[in-house]
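Take a look at the structure set out below.
Values quoted throughout were computed directly from the atomic coordinates according to the rules given, and no laboratory measurement underlies them. Model, not experiment: these values are computed from the prediction. Cβ coordinates were reconstructed from backbone atoms using ideal geometry, including for glycine residues, and neighbour counts include every protein chain displayed.
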Amino acid sequence: MKKIVVVGEEDMALGFSLAGANEVFTPEDDYEAKKRIDKLLESPDVAVILLSEAIAEDIRSHLEEKQQRKDDLYPVIVEIPGKEGPVEGKEDPLEDKIKRAVGIDITQQEESS
């Protein structure tokens, strides 16, 4: 069975660990976060990586580079807001992945006449 892995701050990791996440990691710095993400993206056993938005923002260019090179559907990286709430003005990368996979924007609101 494929795994759900969490990469985030301690409180996030603890919460998801209690909720049943297969593995949790709390990187000490950006370098460690990048190395962990790289390793997880290469793993055939990982289906979903739950990544804190704060860490994702810190390593954004690295994530984008890795996502552009990645041909596989899995693992999917889902960014989770931290206890401070969502990052303001940030585009949702999961929404973009859905648009690319489906070919249309399924989140667009229909205008009423």
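Tabulated data for the structure shown
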item: Residue in the stretch 76-93 that is surrounded by fewer than 12 Cβ atoms within 10 Å (Cβ to Cβ), of a type outside the set (Asp, Glu) and farther than 27 Å from residue 105 by Cα present; result: yes
item: Pairs with Cβ under 6 Å, 6+ apart, first in the stretch 1-15 and free of Cβ contacts under 8 Å to residues at least 40 places away in the same chain, second surrounded by 23 or more Cβ atoms within 10 Å (Cβ to Cβ); result: 13/6
item: Count of residues meeting criterion [under 15 Å from residue 8 (Cβ atoms) and of a type in the set (A, V, I, L, M, F, W, C)] in the stretch 58-77; result: 3
item: Enumerated strands (runs of 3 or more DSSP E) restricted to the stretch 3-93, each holding at least 1 residues that are of a type in the set (Gly, Ala, Ser) and touching a Gly at 6+ places or on another chain (Cβ under 6 Å); result: 46-52
